[in-house]
There are 2 protein chains.
Amino acid sequence: MADDTSSSAFLTDLVSSGHLLPLGADGVYGHGSAFEAIVEGVQQAITERGADQRATSVRLPPVYPAADFARTGYPVSFPHLGGAVFTFRGSEQWCRSSSADAADEAEQDGWTASLGPSDLVLVPAACQPVYALQRGALPAGGRVLDVLAQCFRREPSSDPFRMQTFRQREYVYLGDAAGARTHLDTWRARGVELLREIGLAASPSAASDPFFGRAGRLLAANQRDAGAKTELVVPVPATGTEGKPTSWAVASCNHHGDHFGVSFGISSGGAPAHTACVGFGLERLTLALFGTHGMDPVRWPVSVRKALFL
Amino acid sequence: MADDTSSSAFLTDLVSSGHLLPLGADGVYGHGSAFEAIVEGVQQAITERGADQRATSVRLPPVYPAADFARTGYPVSFPHLGGAVFTFRGSEQWCRSSSADAADEAEQDGWTASLGPSDLVLVPAACQPVYALQRGALPAGGRVLDVLAQCFRREPSSDPFRMQTFRQREYVYLGDAAGARTHLDTWRARGVELLREIGLAASPSAASDPFFGRAGRLLAANQRDAGAKTELVVPVPATGTEGKPTSWAVASCNHHGDHFGVSFGISSGGAPAHTACVGFGLERLTLALFGTHGMDPVRWPVSVRKALFL
């Protein structure tokens, strides 16, 4: 309850400062220019850290084929979080009758009733669409992709840290098991360093994905036991209760084993490839900065501004 | 037919150059780093032209409330182009039965069958979500918004110029009728100038929106007669037949009259506001540049590279 109050005061500040523009649905915001300048600075800071990776840049649209979404297993593990694109199946007759004087709501209901599933879904995590592009044998030493995508997760909430639509920047490794482990070790350390440089007191924390339902709790426990997911969490002073800041995950390091290698026929040295990714949540990171250093970036510490190219 | 062949050769070149990454559905692509650098340059060129507008920057997510989508009249005018976000309505029972050994396709079908309409749709044009943010009285002299959004239109095609998902950058005016007309006159001239500066032989052309069905053809004719829509079209040498380049619209100037003012309760001087927008299609513009100057931006004319900050 007290937590809700502090979240809601933080949201009010973000909105009155012009950083978040509420579009009328929980967790769906436009952004003002200062917010976007911070996102841009965070991206540059990440790019600088990743310069030695010789990564191939992949910039993605927010939708991709439903068939690949199914192949990742996402709809079974996270049915509650996904979003599918439904499009028109109606006839011309439908349109002529609807375009008479119908009220907005009736028009919308008529249109919605005329929709059917398309071959597209919303991207749930930046790396999900890239595995289908990597089918076949990887070069020796593997490959690193630098990926950016707008992601969707169906978690409507009035807490600004829980957006339904947000950007993720990821460095994805595809290769062998040892390479995947090295990638995660490297980026866990780099991520903590980067976050501390911009004034966020980051620390790694064992984590699990929000698998669906009762069976999902077992999957989450297994994932945690295997050490397959680490989040980088930061305390955000503007949120929390009784002087104790709430901590938020702003990045995550994920070991997929050979899950995607097997599902998409990606191989490394004749065996199914192992993959791993580190993902930065660009909106969360930006919110953590506002919630730590205040609403006016001009007054942020000089070292932070410099690290963000402001 | 010949046109298809030239489009397909152009697409092949774009893909083999790493500019477009086909994700496995028509009109849905990832982009490589050179493509994104051009998009960035185009954006900077637009920003420079718009500097005198003192515009408020609005950066949007790819989804927004279905209720506002209905209020614009979009589902009645363009039912065939819209996309709605459907999300999970299933029970925990659903998940447990599906997570048995089902094949990918069956999993996906099961998930799709469990979905229902959410309160969100995909953004069909960059300015559509902003009107709901502008309710009430505008300041004297009106207001200009500088808007960027990822848009969705259900027009699957193997022609790279007809993407389902793409970015639009718009300058939107809200105020009185005279201001709307001035905005369009100003930006029509600026748009042509900007496009010519980057080596595209742009000219304005009377146009209409792709209204749905037989009744829609009448709406389109009315729109054209009223001079409410002008497109900036450019011939693209890499596309076309028998040495004659196909021309593509890369920007459009739209007079909405008081349609959005009335629908969203936006007023100017006590009367419903008039609105107008000029929108640049960032992917189309970038494709037109590749199709005019070639696949390697390093070899583009010096004046073009300079105008694009390359």
Find the percent of Cα-Cα distances in chain B that exceed 25 Å, and round it to a whole number. 54
Run through segment B:272-310 and list the chymotrypsin sites (Phe, Trp or Tyr not before Pro) located in a DSSP loop whose Cβ has at most 14 other Cβ atoms within 10 Å. B:PHE309
If you roll a 1.4 Å probe over the heavy atoms of the protein chains, what accessible area per residue do you get for the protein assembly as shown, in Å²? 39
Normalised contact order of chain A, rounded percent, pairs of Cα under 8 Å and 6 or more residues apart: 22
Whenever you get a sec, compute what percent of the accessible area on chain A sits on carbon and sulfur atoms (1.4 Å probe). 51
Each residue of segment B:156-161 in order: what ³J(HN,Hα) in whole Hz does its phi give by Karplus 6.51 cos²θ - 1.76 cosθ + 1.60, θ = phi - 60°, with x for Gly and Pro? x, 7, 7, 7, x, 6
Give me the one-decimal nm value for the distance between modelled label points at B:VAL302 and B:GLU242, 7 Å along each residue's Cα-to-Cβ direction. 4.0
Segment B:132-267: relative contact order from alpha carbon pairs under 8 Å, six or more residues apart, as a whole percent, is 23
What does the charge count near A:GLU36 come to, summing +1 for each Lys or Arg and -1 for each Asp or Glu among other residues with Cβ under 12 Å from its Cβ? -1
Calculated FRET efficiency, B:SER16 and A:SER16, Cβ-Cβ r, R0 51 Å, to nearest 0.05? 0.50
Pseudo-label separations to other copies for A:THR12 - Cα-to-Cβ vector, 7 Å, nm: 6.3
Would you please name the GluC sites (Glu not before Pro) within segment B:184-280 that are DSSP coil residues with at most 14 other C-beta atoms within 10 Å of their C-beta? B:GLU242
Quick one: net charge of B:ALA180's neighbours, Cβ under 15 Å, K/R +1, D/E -1? 0
What accessible area, in Å² to the nearest ten, does a 1.4 Å probe give for A:MET163? 10
In the neighbourhood of B:SER208 defined by beta carbon distances under 12 Å, the net charge of the other residues (Lys, Arg +1; Asp, Glu -1) is 0
Per DSSP helix of 4 or more residues, -39500 (n - 2.57); summed, then divided by the residues of chain A. What does that give at 222 nm, rounded to the nearest 500? -11500 deg cm²/dmol
Which parts of segment A:218-241 would a label at A:THR5 reach, counting a residue when its backbone N lies under 13 Å from a point 7 Å out along Cα-to-Cβ? A:240-241
Shortest first, in nm, what separates the label point of A:GLY136 from those of the same position in the other copies (7 Å along Cα→Cβ)? 5.8
Karplus ³J(HN,Hα) for segment B:11-27 (6.51 cos²θ - 1.76 cosθ + 1.60, θ = phi - 60°; Hz, whole; x = Gly/Pro) runs 4, 4, 4, 4, 6, 5, 7, x, 7, 10, 10, x, 8, x, 9, 4, x
Starting at the first residue of segment A:261-273, write each ³J(HN,Hα) from the Karplus equation 6.51 cos²θ - 1.76 cosθ + 1.60 with θ = phi - 60°, in whole Hz, x for Gly and Pro. x, 5, 5, 10, x, 9, 10, 9, x, x, 10, x, 5
Chains A and B: accessible area buried, summed over both chains, 1.4 Å probe, nearest 100 Å², reads 5300
Kirkwood Rh and Cα-based Rg: tell me the resulting Rg over Rh for the protein assembly as shown, rounded to two decimals. 0.95
Normalised contact order of segment A:237-310, rounded percent, pairs of Cα under 8 Å and 6 or more residues apart: 27
Counting only trypsin sites (Lys or Arg not before Pro) that sit in a DSSP loop (anything but H, G, I, E, B) with at most 15 other Cβ atoms within 10 Å, what is the longest stretch of chain B containing none of them? B:136-310
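The values are calculated or read from the model by the stated rules, or taken from the named source; none is laboratory data. Not measured: the values here are computed from a predicted model. Note that each Cβ is placed from the backbone with ideal geometry, even for glycine, and that neighbours are counted across all protein chains shown. Quick note on the areas: whole protein, heavy atoms, side chains included, nothing else; ligands and nucleic acids left out. Shrake-Rupley method; radii C 1.70, N 1.55, O 1.52, S 1.80 Å.
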